[in-house]
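Have a look at the structure below, then the notes.
The values are calculated or read from the model by the stated rules, or taken from the named source; none is laboratory data. Everything quoted here is computed from the prediction, not taken from an experiment. Glycine gets a Cβ as well: all are built from the backbone with ideal geometry, and neighbour counts include every protein chain shown.
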Amino acid sequence: MRRRSCDGQAAEIVVLCPHFEPDNAPTGTVMTRIVRELVGLGHCVHVVTALPWYHEHRIEPSWEGKLVRRELTPWGSITRVHPFPGDDKTDLARRAFGFVASSTLMGLMGLRAGRGWFRRIDVVLAMSPPLTLGMTGWFVARLRRARMVFNIQDVFPDAAIEIGAISNRYVIGIASWVERLSYRSADAVTVLSDDLADNVRGKLPVQFADTVHVIPNFVDTEAIVPDNRLTALRAELGVGDEPVVLYAGNLGFSQSFGLLFHAARHRPDVTFLIVGAGAARIDLDAQAAGLANVLVRDYVDVDRLPELLATGDIHVVPLKKGLGRVSVPSKIYSIMAAGRPALAAIDSDTAVPAMLDASGGGIAVEPDNPEAFLNALNRLLALDDLGLTLGAGGRRWVVAHAAPRAVGAAYSDLLDSLAHR
């Protein structure tokens with residue numbers, strides 16, 4: 001394929017993703033940094049994303065009033081469309097297909113004034129979830145005579161089936177068909193770990209196996225650094241100087257929060273702090289009402305994330321059974337960058353246990369096992385330094401293996417190789 005550039009830059013790329021800064025959903029943070037790295041390497045990038053809505057599951061007040069907002073940047077453009085938000089499982093189809101319809105239209109539109117609807121670009125990079133963005137990416141790529149890369153953060157519909165978000169066998173059949181068609185339609189599929197690569201390759205004819213590439217996520221190890229545990233944020237959140245077990249992130253149906261409540265009943269000397277928002281929030285508030293040592297709090301400002309990470313002495317990653325094989329929780333990188341030990345309840349022989357084993361940065365136990373979780377937590381709490389030595393090992397590993405520059409370069413190399421075909 002003949003490569004075309006914009007303003008002499010390396011390659012012209014369209015990125016289709018559900019979140020982008022200032023919407024700091026985990027996948028939004030990931031794609032924002034990937035774009036920054038690509039721009040730093042000389043690429044011209046046009047982002048098509050949703051209006052910010054993640055925290056409250058509604059459009060943020062400062063972004064209301066328009067269905068579409070477009071912004072030209074020195075490196076390309078950002079187009080934001082209405083995501084049709086909602087916060088319960090029944091809204092999944094409406095959100096996925098509503099956003100896909102909008103993003104398809106925006107992806108086809110001229111990305112710079114006066115250049116036309118169907119001018120040639122180099123590569124389309126589409127992120128899943130939502131799974132349906134794979135077909136959006138294929139459609140935009142075909143009409144713009146571009147290559148298409150399908151970036152998989154969570155393997156769908158497997159993840160949705162595991163948490164019960166979809167159970168109708170006809171819906172599952174259709175979603176599985178769309179999944180396989182999306183993989184086969186892409187020029188390249190990127191996943192976060194070897195076990196996710198095995199999952200995807202297992203759904204493809206053997207001749208497509210080489211299209212699957214492993215590129216891990218990353219963390220900004222310069223912004224997130226180990227810090228004093230006695231932060232100012234403790235007082236603001238209602239925490240003293242006691243040990244803090246922290247979960248920070250999406251409060252959804254993929255997490256086994258029951259493990260934390262079970263442990264809290266056995267360790268009244270420890271504060272269990274849950275920070276975030278999501279569909280499970282109301283249920284968590286109700287469960288926490290009877291436990292004085294469990295606190296559920298809203299998201300803190302993104303610029304205070306390093307402080308929040310320092311506030312926790314031990315961080316937990318409580319993923320339900322089966323989800324470790326379809327997802328790599330991005331929070332594990334931030335925990336390790338902060339130099340704190342991680343306690344992960346997650347499927348064995350998957351990415352997170354392998355990372356903890358290689359780094360010595362924490363403990364992994366089988367998912368949905370309250371006693372195994374409590375025993376491992378007691379081991380960490382019994383350490384003289386509350387696991388800081390383990391956390392230091394995690395920090396060293398993530399600096400060596402998950403730096404943004406290396407990950408950005410891997411994406412750039414892949415996109416350039418496709419652009420030059």
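What pairs come up if the first residue lies in the range 237-249 and is touching a residue at least 12 places away in the same chain (Cβ under 8 Å), the second is among the small types (G, A, S) and outside any loop (DSSP other than H, G, I, E, B), and their beta carbons are under 8 Å apart, counting only those six or more places apart or on different chains?
These pairs meet every condition: V245/A263; Y247/G276; A248/G276; G249/G276.
Scan the range 45-69 and report the pairs whose first residue is closer than 27 Å to Y411 by Cβ and whose second residue is assigned to a loop (DSSP other than H, G, I, E, B) and aliphatic (A, V, I, L, M), with Cβ atoms within less than 7 Å and a gap of 6+ or a chain change.
H46/L111; L51/I59; W53/I59; Y54/A25; R69/L51
Among the residues of the range 281-318, which ones are buried (at least 16 other Cβ atoms within 10 Å of the Cβ), hydrophobic (A, V, I, L, M, F, W, C) and in a helix (DSSP H, G or I)?
L284, A288, L305, L308, L309, A310
Can you find a residue in the range 243-266 that is among the hydroxyl-bearing types (S, T, Y), over 23 Å from V326 (Cβ atoms) and outside any helix (DSSP H, G or I)? It would help to see each step written out before you state the result.
Applying the first criterion (among the hydroxyl-bearing types (S, T, Y)) to the range 243-266 yields 247, 254, 256.
If we keep only those that are over 23 Å from V326 (Cβ atoms) as well, we get none.
No, that holds for no residue.
Residue check: is A358 crowded, with 16+ Cβ neighbours inside 10 Å, of a type in the set (A, V, I, L, M, F, W, C) and more than 29 Å from A160 (Cα to Cα)? Don't jump to the end; show me each part of the working.
Values: crowded, with 16+ Cβ neighbours inside 10 Å: no; of a type in the set (A, V, I, L, M, F, W, C): yes; more than 29 Å from A160 (Cα to Cα): yes.
Spelling it out, it is not the case that A358 is crowded, with 16+ Cβ neighbours inside 10 Å, of a type in the set (A, V, I, L, M, F, W, C) and more than 29 Å from A160 (Cα to Cα).
Can you tell me which residues in the range 172-184 are of a type outside the set (D, E) and surrounded by 18 or more Cβ atoms within 10 Å (Cβ to Cβ)? Spell out how you get there, then give the answer.
First, the residues of the range 172-184 that are of a type outside the set (D, E): 172-178, 180-184.
Across the range 172-184, the qualifying residues are A175, S182, Y183.
Taking the range 357-389 on its own, how many of its residues are part of a loop (DSSP other than H, G, I, E, B) and farther than 19 Å from Q255 by Cβ?
Keep residues of the range 357-389 that are part of a loop (DSSP other than H, G, I, E, B), which gives 360-361, 366-369, 383-387.
With the extra rule that they be farther than 19 Å from Q255 by Cβ, the set shrinks to 360-361, 383-387.
Selection size over the range 357-389: 7.
Per-residue answers, yes or no, for (1) over 23 Å from G387 (Cα atoms); (2) modelled with pLDDT under 95; (3) of a type in the set (A, V, I, L, M, F, W, C); (4) in the same structural domain as W53 (by TED's automatic domain parsing):
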position: F261; (1), (2), (3), (4): no, no, yes, no
position: R267; (1), (2), (3), (4): no, no, no, no
position: V275; (1), (2), (3), (4): no, no, yes, no
position: I282; (1), (2), (3), (4): yes, yes, yes, no
position: L291; (1), (2), (3), (4): yes, no, yes, no
position: V300; (1), (2), (3), (4): yes, yes, yes, no
position: V316; (1), (2), (3), (4): no, no, yes, no
position: A342; (1), (2), (3), (4): no, no, yes, no
position: A351; (1), (2), (3), (4): no, yes, yes, no
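Search the range 186-195 for residues being modelled with pLDDT under 95 and crowded, with 18+ Cβ neighbours inside 10 Å, and hand back the single one that is nearest to S330 (Cα to Cα).
Taking the range 186-195 first, the residues modelled with pLDDT under 95 are 192-195.
Within this subset, residues satisfying the condition of being crowded, with 18+ Cβ neighbours inside 10 Å are 192-193, 195.
Numbers: L192: 10, S193: 12, D195: 15 Å.
In this case the residue turns out to be L192.
For the structure I just gave you, tell me whether G173 is touching a Leu at 6+ places or on another chain (Cβ under 8 Å) and either of a type in the set (G, A, S) or more than 30 Å from V399 (Cα to Cα) (or both).
Numbers: touching a Leu at 6+ places or on another chain (Cβ under 8 Å): no; either of a type in the set (G, A, S) or more than 30 Å from V399 (Cα to Cα) (or both): yes.
Spelling it out, it is not the case that G173 is touching a Leu at 6+ places or on another chain (Cβ under 8 Å) and either of a type in the set (G, A, S) or more than 30 Å from V399 (Cα to Cα) (or both).
Across the range 167-225, what is the total count of residues that are in contact (Cβ under 8 Å) with a residue 24 or more places away in the chain and part of a loop (DSSP other than H, G, I, E, B)?
Qualifying residue count for the region: 16.
Given the conditions (1) in a loop (DSSP other than H, G, I, E, B); (2) farther than 30 Å from V14 by Cα, and given that A392 satisfies all but one, which numbered condition is not satisfied?
(1)
Considering only residues that are surrounded by fewer than 16 Cβ atoms within 10 Å (Cβ to Cβ) and over 30 Å from R184 (Cα atoms), which ones fall in the range 209-232?
If the condition is that a residue be surrounded by fewer than 16 Cβ atoms within 10 Å (Cβ to Cβ) and over 30 Å from R184 (Cα atoms), then E222, A223, V225, D227, N228, L230, A232 are the ones that fit.
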